[in-house]
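Here the structure comes first, spelled out in C-alpha cells, and everything after it is commentary.
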Amino acid sequence: MSEEFKGYSIGTIALVFLVGGVIGAGLSLLLAPASGKESRAKIKGLAEEAVEEGKRFVESRKEILEKAVGAGRDAMEKEKERLTGRKKEGSVTA
C-alpha cells in the first residue's frame with residue numbers, strides 16, 4: 001500500500017495531527033478556569049508528553065530511513081559486482 005495521500009506522506013499527516021492536538025490542548029488549558037500554578041503544571045506535563053511523542057515519531061522514521069539506506073547500499077554493491085564482473089569478462093587483453 002502506498003504511503004502517499006495527495007502528495008503528503010503518512011508521516012507528515014500524522015505530524016500535523018500531533019501538532020494540532022498539542023496546540024488545541026494547550027489552548028484549552030490556557031482558556032480553562034484554573035489557577036496559574038495549575039495551568040502551568042498542566043502545560044508543562046503536556047509539553048513533556050509532546051516532546052516524548054515527537055521523539056518516538058522521529059525514532060520510528062529514523063529506523064525506516066536506515067533500512068532504506070541499507071537496502072540502497074546493498075543494491076549498489078550488487079550492481080557494482082555485476083558490472084565489475086561483466087567488465088572483466090568482456091575485456092580484451094593485449
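The values are calculated or read from the model by the stated rules, or taken from the named source; none is laboratory data. Just so we're clear, the structure is a prediction, and the values are computed from it rather than from any experiment. We place every Cβ from the backbone using ideal geometry, glycine too, and count neighbours over all the protein chains shown.
Rundown of residues vs (1) touching a helix residue (DSSP H, G or I) at 6+ places or on another chain (Cβ under 7 Å); (2) in a loop (DSSP other than H, G, I, E, B); (3) exposed (fewer than 10 other Cβ atoms within 10 Å of the Cβ); (4) modelled with pLDDT of 80 or more, yes/no style:
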site	(1), (2), (3), (4)
L27	no, no, no, yes
A50	yes, no, no, yes
K67	no, no, no, yes
E77	no, no, no, yes
V92	no, yes, yes, no
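Within segment 54-68, residues that are farther than 17 Å from G21 by Cβ sit with their Cβ atoms under 6 Å from residues that are surrounded by 12 or more Cβ atoms within 10 Å (Cβ to Cβ), at 6+ positions apart or across chains, in these pairs: R61/G11. Within segment 13-41, residues that are among the hydrophobic types (A, V, I, L, M, F, W, C) have Cβ atoms under 8 Å from residues that are at pLDDT below 85 and exposed (fewer than 12 other Cβ atoms within 10 Å of the Cβ) in these pairs: I13/F5, counting only partners at least 6 apart in sequence or on another chain.
Evaluate the following for E38: is it among the acidic types (D, E), at pLDDT below 85 and either outside any helix (DSSP H, G or I) or under 15 Å from the mean Cα position of the chain (by Cα) (or both)? Criteria not met by E38.
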